[in-house]
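Working notes, structure below.
The values are calculated or read from the model by the stated rules, or taken from the named source; none is laboratory data. Small disclaimer: the values here were computed from a predicted structure and weren't measured. Because the Cβ atoms are built from the backbone with ideal geometry, glycine has one as well, and the counts that use them run over all protein chains shown.
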Amino acid sequence: MNDVKTVAAQDELPALCERVRGAPRVGLDTEFHNERSYTARLMVVQLAFEDGIVLVDPLAVGDLSPLLRALCATTVVGHALSSDLKIFADKYDLVPQRVFDCQVAASFLGYGISISLADLVRELCGVRLKKSQTVSDWSARPLTTNQIEYLVGDVAHLLDMHDTLTLKLRGAGRFEWALEECALLAGAERYRTDERRLYMRISGANRMSRRELGVLYEVALLRDRLARERDLPVKYVLPDDVLAGLATLRPKRPEDLAQLRRLDGGTRRALAERILEAVARGECMPEDRLPEKPARALGSARETLVALMSIVVGEIARSNEIPASLLVPRAVLERVAREIPADRERLERALGLSEWRTTLVVEALWRLLSGQTTLRIEGYADGEPRITAR
């Protein structure tokens, strides 16, 4: 595919948007920097059409919301799309609604859950991509010849892979499974920060009282808002251990903040008022609104239950050539171990799985949990051990 164009001005965007809206599908990839900002900073957008490739320069074009709205009118094909879509959700609160993720689709065909673009292109298209620019500075202008070659390579084979994977999935009877999984990527709410759970990310939260968690909740919320305002990583605003210290110290006066040695003088002077206000909100939070304590460790008996369920899920996944973590995440099995559903219907509700997953695993898990199934190791003496459920 030799037809490569560049869009590097706002007045060039309408024609590109019209081209996108008129295309039945468009390949998509992005390059971004996220080391020193709250949200990733978009540097390049690559689009693949049936008849060519377009490289969009966000630094020159500026507002890309018209392009994003155009992408919502077609099917977007990509590889490991969630990081690309998160940028759009963060900046524009909008993501394309019809997406096909080649990495997700490949996971239903025995390629594993995290196969790289280079490996999948080699497997499906017989082409070796040059990946020499993976740590390139995408903010530099003009882009070098090697950078452009890399950018083109990242989208040049997406539409061909879409065709090949679709055929393979239909042949395996799993096309609808893959589409259902890809559809989960298309909601902007998926990429929004859940402010109610920010406090749970702080080490030591499970050892705090609920009142201390109320303070931790408020200072974690403050940090996130400050980081967003300043477009900085949260750790550059207030480190995790400072948040934990604020929750246990529960300072009431500016001078109390000096007890936290990791809270430097400049930060104390700049943020003392807002920090103390956040602490006060946590102190005044009504008892019935205090955050719940993070879940405690399961304990040995329920950990064993999770392990046994994992074996069954793993065998189902192996026999269907799909990753076990794609079939049922461990967190879901832990929820079952905590709740101990009393019948099959309650187990199905506790699992909360999509239709295709429910079809594969619910009956097998219920037979295990209700004592109808025995796990056996076979083939050990032959050096080919496998676990079977009977």
Segments classed as helices (runs of 4 or more DSSP H), wholly inside region 247-344, with at least 3 members that are under 18 Å from Met208 (Cα atoms): 265-284
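So if I check each of Ala307, Ala331, which one is free of Cβ contacts under 8 Å to residues at least 12 places away in the same chain, within 30 Å of Gly245 (Cα to Cα) and not assigned by TED's automatic domain parsing to the domain that holds Gly204? Outline the logic, then answer.
Working: Ala307 fails: within 30 Å of Gly245 (Cα to Cα).
That would be Ala331, the only listed residue that is free of Cβ contacts under 8 Å to residues at least 12 places away in the same chain, within 30 Å of Gly245 (Cα to Cα) and not assigned by TED's automatic domain parsing to the domain that holds Gly204.
Being of a type in the set (Lys, Arg), touching a helix residue (DSSP H, G or I) at 6+ places or on another chain (Cβ under 7 Å) and modelled with pLDDT of 95 or more, is that true of even one residue in region 68-84? Lay out the reasoning, then the answer.
Step one: of region 68-84, the residues of a type in the set (Lys, Arg) are 69.
If we keep only those that are touching a helix residue (DSSP H, G or I) at 6+ places or on another chain (Cβ under 7 Å) as well, we get none.
No.
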Only one of Ala317, Ala278, Ala272, Ala307 that is surrounded by 16 or more Cβ atoms within 10 Å (Cβ to Cβ), out of contact with any Lys or Arg (no Cβ under 8 Å at 6 or more places or on another chain) and over 30 Å from Lys235 (Cα atoms): Ala317
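Pick out the one residue from Pro294, Pro323 that is touching a residue at least 40 places away in the same chain (Cβ under 8 Å), within 28 Å of the chain's Cα centre (by Cα) and in the same structural domain as Ile377 (by TED's automatic domain parsing). Show your work before the answer.
Details: Pro294 fails: in the same structural domain as Ile377 (by TED's automatic domain parsing).
The match here is Pro323.
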Restricting region 161-209 to residues that are assigned to a helix (DSSP H, G or I) and of a type in the set (Asp, Glu), the residue that is modelled with the lowest pLDDT: Glu189
Any hit, region 143-160, residues being surrounded by 12 or more Cβ atoms within 10 Å (Cβ to Cβ), in contact with an Asp or Glu (Cβ under 6 Å, 6 or more places away or on another chain) and not hydrophobic (A, V, I, L, M, F, W, C): yes
Looking only at region 358-385, and only at residues there that are touching a residue at least 12 places away in the same chain (Cβ under 8 Å) and part of a strand (DSSP E or B), the one that is surrounded by the fewest Cβ atoms within 10 Å (Cβ to Cβ): Arg376
